[in-house]
1. Could you tell me whether Gly56 is without any contact (Cβ under 8 Å) to a residue 24 or more places away in the chain and within 16 Å of ligand 1 (Cβ to nearest atom)?
2. Of all residues being within 13 Å of ligand 1 (Cβ to nearest atom) and in contact with a Leu (Cβ under 6 Å, 6 or more places away or on another chain) in the range 24-45, which is least open to solvent (accessible area, probe 1.4 Å)? Just the residue, please.
3. Restricting to the range 58-89, count the residues that are near ligand 2 (Cβ under 10 Å from one of its atoms) and closer than 22 Å to Ser296 by Cα.
4. If I filter the range 203-220 for residues that are touching a helix residue (DSSP H, G or I) at 6+ places or on another chain (Cβ under 7 Å) and in a helix (DSSP H, G or I), do I get at least one hit?
5. Restricting attention to the range 107-117, which residues are outside any loop (DSSP other than H, G, I, E, B) and open to solvent by 30 Å² or more (accessible area, probe 1.4 Å)?
6. What are the residues in the range 430-447 that are out of contact with any Phe, Trp or Tyr (no Cβ under 9 Å at 6 or more places or on another chain) and in a helix (DSSP H, G or I), if any?
7. I want to confirm something. Restricting to the range 70-92 and keeping residues that are touching a Phe, Trp or Tyr at 6+ places or on another chain (Cβ under 6 Å) and in a loop (DSSP other than H, G, I, E, B), which single residue is nearest to Cys385 (Cα to Cα)?
8. Tally up the residues in the range 284-335 that are within 25 Å of Ala241 (Cα to Cα) and surrounded by fewer than 20 Cβ atoms within 10 Å (Cβ to Cβ), please.
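The values are calculated or read from the model by the stated rules, or taken from the named source; none is laboratory data. Worth saying up front: this structure is predicted, and the values here are computed from it rather than measured. Cβ placement follows ideal geometry from the backbone for every residue including glycine, while neighbour counts extend to all protein chains displayed. Heavy atoms of the whole protein, side chains included, go into the accessibility calculation; ligands, DNA and RNA do not. Shrake-Rupley method; radii C 1.70, N 1.55, O 1.52, S 1.80 Å.
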Amino acid sequence: MAATDDSAPDDRTQTAFDAHHAPDRRLIDTCVHCGFCLPSCPTYALWGEEMDSPRGRIYLMDAGLDGRASMTAGFVRHFDACLGCMACVTACPSGVQYSPLIEATRGQIERRFNRSLADRLFRAAIFALFPYPARMRVALAPLALLQPVARLFRAARARPEGLSHGRPRASVGSTSPGLFARVRAMLELAPAIGWRSLFARVPAHTSAIGERRMTVGLLTGCVQRVIFPRVNAATVNVLAAEGCDVVAPEDQGCCGALALHAGRLDAARAFARRTIETFERARVDRVAVNAAGCGSSMKEYGALLADDPAWADRAREFSARVRDVSELVAELGPPRAERHPLALTVAYHDACHLAHAQGVRQQPRDLLRSIPGVRVVPLAEPEMCCGSAGIYNLVEPEAARDLGDRKAAHVEAAQADVLATANPGCTLQIAAAARRRGATVVIRHPIEILDASIGGRDVGA
Ligand code: SF4
Ligand code: SF4
């Protein structure tokens, strides 16, 4: 295997890694190169290129550590193309911990690789916007005003014949996607959003119905609270109906998931410390999360702050309290609130950061099956990422679009009434892909479906 065969020699400006949080050699050495992970890797499925597989990327990390590869544009492209979906972790029989490896690699890239000016500005804009709900509201306000124009744009983009922009690409490409492709992806992903939704908030404190079982803190999320506040409202309703006091601290900020998954480790640590402090002040028994990416990063705080003596114990203790809301509903035990029947066929899409990163697969399905009348049907290629992956569909729009089209075709084939998924990024990504196919799909968080059942309502169109 050639480590950097797609890089020009004069591109070799730096050794790949320095000593500050380099990928851990011991973790790399657990890979026995068996290749069992290859079929489940989305980028390997797209391009069939070894260096865009988990095994190839681990090989590149190894080569970067011992000086056989340097921090070239070609080297970086293979890691930029990785979705961080962790399907390889699920598939690996040797228990390779790919998550800390890719996070360390991305941390090195963010510190040491000189991206193009356009790339840097685009990424800076994303990180100046998405972790800050107030800024996101300002940015999305024109969309709320221009809903009719946005609808026209979407209708013009819809192509009932299937894949949207010709044949999928054959490889990762040697340079980062251009600004035009990225802005187009942003417009395609933009949700239909109204004023009410933009400024909706859940109460800071909601009392349990009946005898209290526990006090739960709710992470309201950045994208979730601005674009899908109905998911937070449903989470509060269900937890209160099941006997939980629900606290949603008003001063909570971003959990740091986007920064962590992009290798912006100092920013991720700062967000983590603030989140820990906020929920410590709230004195909660559990912290409920309804966004898969946020939950997975909050469960990683212990590792993220392990080298910080002032925070290591607090971070570990905090992570131990974090639950996806479906885990929490299961943990609460026998349901208290009556489930009213819903005659629905529901296809469940496993968000990668829930299924692969947190190992939560059964609880959301059980939650749905606890509703009389609900039939849960499988999707083809359930392990395969939809292409959302944090900011991936913004910075790598072509690969994300190919994966989104692939997922939307499976959703269509399932012929369900509703698609259920537990991550706002997946919801936006699959909705956009369905629109490109000229299809409309009703997408709901599992907790919204349960809330509708408890409330005796339908799930809405
Ligand atoms: S995280 Fe996903 S995209 Fe990256 S190597 Fe693993 S399976 Fe492939
Ligand atoms: S990551 Fe795991 S499955 Fe993939 S090649 Fe290495 S040992 Fe095999």
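1. Spelling it out, it is not the case that Gly56 is without any contact (Cβ under 8 Å) to a residue 24 or more places away in the chain and within 16 Å of ligand 1 (Cβ to nearest atom).
2. Here is the first cut: in the range 24-45, the ones within 13 Å of ligand 1 (Cβ to nearest atom) are 31, 35-45.
Subset that is in contact with a Leu (Cβ under 6 Å, 6 or more places away or on another chain): 42, 44.
On the way: Pro42: 3, Tyr44: 66 Å².
Only one residue tops the list, namely Pro42.
3. Within the range 58-89, residues that are near ligand 2 (Cβ under 10 Å from one of its atoms) and closer than 22 Å to Ser296 by Cα number 3.
4. No, there is no match, as no residue in the range 203-220 is touching a helix residue (DSSP H, G or I) at 6+ places or on another chain (Cβ under 7 Å) and in a helix (DSSP H, G or I).
5. From the range 107-117, those outside any loop (DSSP other than H, G, I, E, B) are 107-112, 117; that's our starting set.
The answer is Glu110, Arg111, Arg112, Leu117.
6. Ile430, Ala431, Ala432, Ala433, Ala434, Arg435, Arg436, Ile447
7. Result: Leu83.
8. The qualifying residues number 9.
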